[in-house]
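Derivation of every value follows stated rules applied to the coordinates shown; laboratory data play no part. All values reported here derive from a predicted model rather than from experimental measurement. Here the Cβ is made from the backbone with ideal geometry for all residues, glycine too, and neighbour counts use every protein chain on show.
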Amino acid sequence: MPKLFTKSAFNHAVECPMRAYYYRNSKDYAYHYEGPDGIAEVGDQFGALACIYEGVPSENIIQRGGANPIEAQAKSIADTLELLKKENVDIGEAAFATDKFLVYVDILHKRGDKLKIIEVKSKCIGADESPFGKNGNIPSDYLKKILDVTFQKYVIQQFIKTHSEFSHLKVSASLMLANSDAVSDVDSLSSLLQIKFLEGGHREIECAPDIREKLKGKARINRIIDVDEVSDKIIADEIPNIAKKYFDGCFVKFVEKVADMYVNNRKDYCNCRFSDKCFKCPFYVKYEKRDDGTIAKCKEDEQKQNGRAECFQNLFGVDIAGKALINETKGGIGNGGLPTSLKNGAWLEKKKFLLSDIDENEYVPAANATPEAFQKRTELSDDDLRYLHVHSTKTGCNEPTFLKEAAKKIKWKYPLHFIDFETYLGAVPLFKGNHPNEEIAYQFSHHIAYEDGTYKHAGEYISLEPGKFPNFEFIRELKRQLEKDDGDIFRYADHENNILNAIRLQLMDSNESDKEELIRFIEGISHPPKNSEHPYVPTRRDMIDLKVLTQKYFYHPSMGSSNSIKQVMPAILHSDPFFREKYGDDMDPYHNLPSLEEFAAGVNKDEFPADFDDSDVWNADKQINKGGISKLDYVLLQAGRFNKLHTEAIRRASLEYCKLDTLSMVRIWEYFRISTK
């Protein structure tokens, strides 16, 4: 049986037909998904919940897994055909195939001669919000989901044409999204939907035996949207901007062409839809700088091919492999990142794809780009940062730029506080009373620095207890630690401010006895988001964004255009011999974090026994040096899926990771302090 053109292949092809080819050959081509860890598994939970909401019997949910993919696929199709013989039936994961296409429909309702397909997505939408936008301009995040279900409708229509026993059926399309205005009235709803991992990388959701009983009469957290009319218009090319942008003017011709290319595994660069999006194609190889200064494929991609580089090479004869590209400038291609000579598509006309193709003096004239000229600045502008990035790429310069005189004028009120939060957000609420995608703040770390240069880890908070909503205890403990003085408070980026504002709104809707006191505390250290429905006036103690402060005064070539603390902190410390001598090999402590297995080895097994086998979810080799606990880990912790030993190991690992985040902030402050003396 040939590989058939699926929903996933279609979604790649909508971006670019060549992406569908690389996806089909993903065993050979490197692929790097940039989304948060665990999002697919949480989406599976929402999908299982949708089946229950829609009355799909457990026996009608078709299982897709199996040791032999071809046999599993054939069985799914056969099971679907058998169920479709019924006059009325509800099916989960119904499979439809033609000579080219294969789709699995999340939910299928058959009522007489009517088939209703429902595509389930865990994206949130308000109860009264329209996904169709204004004047026919459907927002892209909704449009991609509408295109997905439109493709399914088209495939089922083709299936019906070739199966006379179903020729009388009429198909309609709907979307199911999470309702951000809904409130869960079920205790630990997420824990009723257990994520199970199977052989071959497959997974399934195992629903609690009594879940249907527990959900009876309870509020639904989803919303179904009829997109059938829009789907018909897309198939008929009656929405010109969509037809032109995604389907080269004709939906049917496009889908049939790319499906033929996919099924026959034909590599055809003529079908490449080249644009600035190609710079972000996920089918690329990662490169790293070795100790000898050479650039080579990173270990995970050593045996993989580079799809993105292949396209550039075959279309333009340009080798981009392992090289910095023009989209890496601050602001990128579409947001003012390019110099005047390359704007408005001129970069494509001139075939300027590499960062080294840019004339950095278009950003900053040579006379104003000397080290002396930079030291006269009060802060680094965006164009200054672009100049420094391009110049260092072209020349190999590895010297930092620090506006020492300007930075000397910064005044801080000591002691200084550095805080970092760890949070969770998911479509299926973990706690009763929560909305879908409501922020959960379960951990923070807090360092204090003093005017004499000393510092300490002053405190922390973590709550991983299943079923316990942590936000209000989180804010009480943060208040207790920060209200002892009125020193300046530092965050890194906007996350902490956003979380405090989210908790403020939760408090406003709560019955907490101390809510007014906690709200005043939040308002005293934060500022409201733009267009807030509940604005307030920030105080002097509004948290200082260390990320913004850093990019005003400091740049190092190793940062590229990134301001991530994991890039900035080692770059800053490498910039001064004092720090190289002081910290030695500990310049980047994230790399030195132990694996979970090493954390587990340090746990007292008498106090925290391995009271059950959790080998199906425990990953001994996992390291948390890229983002702390994943979404998936937090969901599994809330479901009680880890034994006591491994729960304690994860708790210790998460504390250590969060502590390093605030320690990194302290080291950035330390650099400013020492370098301005």
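The table for this structure:
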| read-out | value |
| --- | --- |
| Helical contribution to [θ] at 222 nm, DSSP H n ≥ 4, -39,500 (n - 2.57), averaged over the chain, rounded to 500 | -11000 deg cm²/dmol |
| Net charge dipole size for the chain [Lys, Arg +1 and Asp, Glu -1 on Cβ; Debye, nearest 20] | 1720 |
| Residues with amide H under 5 Å from that of LEU325, placed H, sequence gap 5 or more | LEU355 |
| Cα-based Rg of segment 18-111 normalised by 2.2 N^0.38 Å, two decimals | 1.27 |
| Segment 375-472 - convex hull of the alpha-carbon atoms, volume per residue in Å³ | 211 |
| Summed side-chain charge close to GLN152 - residues other than GLN152 whose Cβ falls under 10 Å, Lys, Arg +1, Asp, Glu -1 | -1 |
| Cα lying deepest toward the dipole's positive end in segment 512-624, options LEU518, HIS591, LEU549, charges on Cβ | LEU549 |
| Cα centroid of segment 320-353 to Cα centroid of segment 637-677, whole Å | 37 |
| Dipole moment magnitude, nearest 20 debye, segment 473-566 about Cα centre, only Lys, Arg, Asp, Glu C-beta charged | 440 |
| Amide proton proximity set for LYS114, modelled H, under 5 Å, gap of 5+ | LYS170 |
| Quarter of the Cα convex hull surface for segment 221-279, i.e. its orientation-mean projected area (nm²) | 6.5 |
| Partner lysines for LYS244 [C-alpha distance under 17 Å; skip if fewer than 8 residues away on the same chain] | LYS144, LYS233, LYS253, LYS257, LYS277 |
| Ranked GLU93, GLU204, criterion: other C-beta atoms within 10 Å, fewest first | GLU204, GLU93 |
| Label-point gap, in nm, between GLN567 and TYR414 - each point 7 angstrom along Cα→Cβ | 3.3 |
| Fraction of antiparallel bridges per DSSP, the chain only, in percent to nearest 5 | 75 |
| Net charge of neighbours whose Cβ lies under 15 Å from the Cβ of LYS218, counting Lys and Arg as +1 and Asp and Glu as -1 | 0 |
| For segment 276-408, diffusion coefficient by Stokes-Einstein and Kirkwood Rh (Cα), 25 °C, 0.890 mPa s, µm²/s | 149 |
| Net charge dipole size for segment 276-408 [Lys, Arg +1 and Asp, Glu -1 on Cβ; Debye, nearest 20] | 260 |
| Options ILE499, ALA259, GLY487, ranked by Cα towards positive dipole end of the chain, top entry (Cβ charges) | ALA259 |
| Long pairs among LYS479/LYS659; LYS196/LYS622; LYS404/LYS484, criterion Cα-Cα beyond 20 Å | LYS404/LYS484 |
| Correct option for mean projected area of the Cα convex hull in nm² [calculated from the coordinates] among (i) 42.2; (ii) 57.1; (iii) 32.8 | (iii) |
| Segment 16-60 and segment 429-459: distance between their alpha carbon centers, rounded to Å | 31 |
| C-alpha center-to-center spacing [segment 116-143, segment 178-241] in angstrom | 14 |
| Local electrostatic count at THR676 - Lys and Arg +1, Asp and Glu -1, tallied over other residues with Cβ under 12 Å | +3 |
| Two-site FRET efficiency, TYR583 against ILE70, from Cβ-Cβ distance with R₀ of 35 Å, rounded to 0.05 | 0.05 |
| Karplus-derived HN-Hα couplings along segment 177-188 (A = 6.51, B = -1.76, C = 1.60, θ = phi - 60°), whole Hz, x at Gly and Pro | 10, 6, 8, 5, 8, 6, 10, 6, 10, 10, 5, 6 |
| Contour excess over end-to-end distance, with Cα ends at ILE674 and THR539 and 0.36 nm allotted per residue | 45.7 nm |
